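What follows is a set of notes on a single structure, which appears directly below.
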Amino acid sequence: MAFLTHTRLAFIQLNELLPCYRRLIVPVLLLVFLALPDTRELTLRVMSDAFWQVAVFVALTLIVYHLVAHRVSLIARQKSFAPTGPWKIVLASFMGVIPGCGGAIIVITQFVSGSMSFGAIVAVLTATMGDAAFLLLAAQPETGLFVIILSFSVGIISGLIVDRIHGQDFLKPALDCSKEHTACRRWFPKQSKRIKSQGLLWQWLVIPGAVVGLFMAAQQDVETWFFISDNTIQVLGALIVLVFIVLWATTTEVKDFESIVAEDKKSTHSKTFQRVALDTNFITSWVVIAFLMFELLVFYTKLDLTQVFTAIPSLLPFIGVVIGMIPGCGPQIITTTLYLSGAIPLSAQIGNAISNDGDALFPAIALSPKVAIMATLYSSIPAFVVAYGYYFIFEV
């Protein structure tokens, strides 16, 4: 009888333990890919790029957003002012046109928390161009500015139309803190200390990380500029990402952030970095997963997106839009590179820029796959209309 009781308790503990440890599959797989000679260099590059080209800019944008949001909330309480639906669409579209994916990711997390509508998701995904915006602005500033203004305008119009059709509460998720989180805290104690350490790490890393990231975005040799040996930046970025992924894997969901830090007597500044750390580490982990999946697909299938664009000229805007629907910034950077080299027309670049959701789609897929798919399909409609409108007016 005692044996059966102990066996039953062991099974109960195992059922609680497995969901808590399932996130650890990600760092374990990364270590496996790093250990394999064929995939070591690829995995190192993916992890490094995820930190220097995505995570630091996401963290920087989140810091600015939370500080501004805190200030705005204070003003709103003093003046009894609250932004209306249309203004939230404008704000979402503006966050989308910020180069990189940080602004779009923020709007998606705000939608999950109930602060934004589905129309705002469509607006931000329509407006965003992801990391490809850095490349286009650096090579052709006038064209980059034109595409950004166009995407911003189309994003606002699309978001307003979607909210007009579906209303403010369409596809909004119901907030619920799972019992799994409570169980997991027994296996991963001292949750608040890990959150504080993550916040402290990002507080020290965000500025130097952003500086290095900007050098890399400008296609500069960072090792030469800072007089360090080759591959140091890559190895350092991969190591930092691995640490943050392990911290993410051993930390519960962020929905109950306020209750976790409620007892913390530190300043709002400290809590801001803790919140930024949780969101950034979550996003970074999913970006690494998606980056690696795409790179492994290319590695094993020898997929060449350049050959995809060798179709009939009238199909190029269509192909640009379809490639824009692929999650991540890698395919979109390739598309922008092809435009800059003269291989594809501006109409294809416009269609890709409007349908491109960048890395923002990864957390959307993780948080709500249905919302991510619906928003991607909705943002593709104005992409087709604008791309072919430009094609027939200016290029035929």
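Residue-by-condition table, conditions (1) of a type in the set (A, V, I, L, M, F, W, C); (2) at pLDDT below 80; (3) part of a helix (DSSP H, G or I):
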| position | (1), (2), (3) |
| --- | --- |
| Ala133 | yes, no, yes |
| Ala138 | yes, yes, yes |
| Glu142 | no, no, yes |
| Leu150 | yes, no, yes |
| Ser153 | no, no, yes |
| Ile156 | yes, no, yes |
| Phe170 | yes, no, no |
| Cys177 | yes, yes, no |
| Arg185 | no, yes, yes |
Looking only at region 345-396, which residues are surrounded by fewer than 22 Cβ atoms within 10 Å (Cβ to Cβ) and not in a helix (DSSP H, G or I)?
Pro345, Ser368, Val396
Only one of (1) out of contact with any helix residue (DSSP H, G or I) (no Cβ under 9 Å at 6 or more places or on another chain); (2) at pLDDT 85 or above; (3) loosely packed, with under 11 Cβ neighbours inside 10 Å is not met by Phe3, so which one is it?
(2)
Residue list for region 63-109, filter: among the hydroxyl-bearing types (Ser, Thr, Tyr), within 21 Å of Asp357 (Cα to Cα) and either in contact with a Pro (Cβ under 9 Å, 6 or more places away or on another chain) or at pLDDT below 65 (or both)
Thr109
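Look at region 224-278 and say how many of its residues are at pLDDT below 55 and surrounded by fewer than 12 Cβ atoms within 10 Å (Cβ to Cβ).
Step one: of region 224-278, the residues at pLDDT below 55 are 254-267.
Now narrow it down to the ones that are surrounded by fewer than 12 Cβ atoms within 10 Å (Cβ to Cβ): 258-259, 262-263, 265, 267.
Adding up the residues that qualify gives 6.
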Whichever residue in region 190-222 is loosely packed, with under 14 Cβ neighbours inside 10 Å and among the charged types (D, E, K, R) and, among such residues, is modelled with the highest pLDDT:
Asp221
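The values are calculated or read from the model by the stated rules, or taken from the named source; none is laboratory data. No experiment lies behind these values; they were computed from the predicted model shown. Quick reminder, even Gly has a Cβ in these numbers, built from the backbone with ideal geometry, and neighbours come from all protein chains shown.
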